[in-house]
Amino acid sequence: MRIVLLIMLVLLTSSCRLTQHYTKYIDENQYGRLHLKKMKFEKTFTKEMSNKIEADAIYFNFYEDKTINFKGYNYIRFFNSGQFALFGSRTESIDINNVEKAHFVGYYNIKNDLLLFEIPNTSFSKAGKRVIRKFVIEGNSLKEKRKRNEGETIFTKITVKDIRPVLPDW
């Protein structure tokens, strides 16, 4: 009995430390939206970078895996301030005007024709680190740079009728 209690105490303590480590670096709102507490790209963004991508433009990606009956609809919204909101849904209907319900938010940087997103690493053991997603800007498309053996992710600029001006809150 003592051994079982001891094991349970160790597991609880370890879990608590991992959660504290995670929350030390990442904020999560009531809808599950994640962002880094310290965003390095916020300091390195320049107004010239916003000229390379259209503010309030929406980029869309659809992903489907028929083997597990999964459909994913992903949207990216850009702001002149160097901020972005990445939305994900299993249905087509999503409110891109409600940044509170985005999946990830943060800052972007652009170097030449390479778009860089700074997002939190959601792994508990690496929560203090950031992930940099890289996309090549090709006209109205964003093509993710990945390793050769990984699938290609392409976001295409779309027109959204009911897009409203929104002020990011991060």
For the range 58-110: accessible area per residue (Å², 1.4 Å): 46
J(HN,Hα) series, the range 99-107, from Karplus relation 6.51 cos²θ - 1.76 cosθ + 1.60, nearest Hz, glycine and proline x: 5, 4, 9, 5, 7, 10, 9, x, 10
Checking the a/c ratio against 1.5 first, then a/b against b/c, what shape does the Cα gyration tensor give for the range 41-170? rounded
Please enumerate, by chain and number, the lysines with C-alpha under 19 Å from the C-alpha of K157, excluding those fewer than 8 residues away in the same chain. K52, K134, K143, K145
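The values are calculated or read from the model by the stated rules, or taken from the named source; none is laboratory data. Source: prediction; values computed, not measured. Just the protein is used for accessible areas: all its heavy atoms, side chains included, with ligands, DNA and RNA removed. Shrake-Rupley method; radii C 1.70, N 1.55, O 1.52, S 1.80 Å.
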